[in-house]
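Below is one structure; the comments refer to it alone.
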Amino acid sequence: MTRTASRTRKEPIPSAARRAAGAGFIGTFIEYYDYGLYGVLTVYLAPLFFPASDPAVSLLVGLAVFGAGFVARPLGGILIGRLGDRRGRRAALLTSVLLMGACTGFIGLLPTYATVGVVAPIMLVTLRLGQGISAGAEMLGSVSYVLESAPRSRRGLLASLTPLGNTLGAGVGALTAAVVSLTVSKEAMLSFGWRIPFLVAVPLAILAFVVRRRIEDSPEFLALKENKQIAKAPLRDTFTTHWRTMVVACLLALGLNGAGAVAGWLVTYLAGTRGLPAGQIILLFSISMLLVGGIVPISGRLTDRYGMRRMTFTWIVALMALVLPLLWLLGTASSPWLLLVGMVGYLGLLSFLTAPGYMYLAELFPARIRFTASTFGQNVGAVVAGGVGPFALAGLFLLTGSSLGPAIWIGGAGVLTLVALALAPLLARPTVPPTETTTDASALPDGVVPSS
């Protein structure tokens, strides 16, 4: 979004754009309800699938399997991304939500280690890989679809509904887990209670699939199709004509996912390492996610006004400035109210950051390769920073013996984000004259100049 475009009179929102934003929201809501359940339930799943004499070791293995879902993301980005660029955004988004719903439902039916031995963790890891393939195309795929369907002056607001779905989906998933864990005894939770949130995902996934079946492909993709400009090999085109842009995208994704990794570590740290009541911590986490959900559309409106690059810069600097007091609060407080303040503080800043950050990443690439290229760049960050992040954060705590230790990781993530934003105007352009139909400045994200 250029500064000039942000000052123009707001355009009316066509019904097709509203449907696109709604489909992006509900699909991502279901995806991240499903995907985030493992993170908040690791404290229960770890001893059932990865029993060990030391509970801390069991938790570390459980977090490593959480990361396994991230390892499969690049494959999902390549396979489903190619489907999105070759056959259409609609087909790709239908595939991702169907795969996620199936894998999550089967996790809820798995036998445990005590029943079938080593087969249980193997099946769990396999289904986590399936979830990763699905998640590898969802966030940036949905953002791309909405950006291509919305009026330019409303892109930030409408595209922000996709990360809003992420936030609320993770929050509702955590809330479901919390309600179950607070309703039944710990023994019942370890016996059957942990299965309930996973099984609830099945009808939700069916609902999302039905909603997405009713949408049409984005106008930009339909124009490419009509003009016979569909990329035959979008991944190859990405690395032959847009490899410099991919460098920027990967650095940005590393920073965003590195900062976001705290959400996957927080519940396990507070409940597992600090020994606070697991049900209470999951409930506080879910309330925090639901409270900060309202921030995301505000971030989208600010993005429409001030631009994606400027807003990404603003919120990553704010996060770096406040990370130490927030980590200190989370590491020392025992009061539920103080813990809630710490969670809302960090997750709120993260919510302000993700909307402009992911939009900026998607708009770095032209429409003909956008689905594949943006998901690939995002998945590099998801694997290296998002997948390793919770494990690394736990390791930094053990290494330093302080709740402030993880600030090293978060500070590094912030630096990578700032480097990406600084390099974007220099590198985010094709290395050869582009074949796309639009190369003027208004078709590029703010801070990126068109190629000569």
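General observations
- The spacing between region 179-239 and region 335-401, judged by their C-alpha centroids, is 19 Å.
- Taking label points 7 Å from Cα along the Cα-to-Cβ direction, LYS228 and ARG301 give a separation of 4.7 nm.
- Solvent-accessible area per residue, Å², over the chain with all protein chains present [probe radius 1.4 Å]: 37
- Gyration tensor verdict on the chain (Cα atoms; rounded if a/c is under 1.5, prolate if a/b is larger than b/c, oblate otherwise): prolate
- Positive-end residue, region 123-259 charge dipole about Cα centroid, Cβ charges, pick of LEU164, VAL200, SER185: LEU164
- Between the residues PRO151, LEU110, MET139, the greatest Cα displacement towards the positive end of the dipole of region 98-199, with unit charges on the Cβ of Lys, Arg, Asp and Glu, is found for PRO151.
- Taking the protein heavy atoms of the chain in the context of the full set of protein chains, the accessible area attributed to carbon and sulfur is 69 percent at 1.4 Å.
- Shape call, region 211-276: gyration tensor on alpha carbons, a/c limit 1.5: oblate
- Rounded to the nearest 20, the Cβ-based charge dipole of the chain about its Cα centre (Lys and Arg +1, Asp and Glu -1) stands at 1060 debye.
- Entry note, the chain: the mean residue ellipticity at 222 nm calculated from DSSP H runs of n ≥ 4, each adding -39500 (n - 2.57), is -25000 deg cm²/dmol after division by the residues and rounding to the nearest 500.
- Unit charges at the beta carbon, dipole of the chain: most positive-side option, GLY264, PHE70, ALA231: ALA231
The values are calculated or read from the model by the stated rules, or taken from the named source; none is laboratory data. Quick caveat: nothing in here was measured; it's all calculated off a predicted structure. Backbone-built Cβ (ideal geometry, glycine too); neighbour counts: all protein chains shown. In case anyone asks, the SASA skips ligands and DNA or RNA and just uses the protein heavy atoms, side chains included. Shrake-Rupley method; radii C 1.70, N 1.55, O 1.52, S 1.80 Å.
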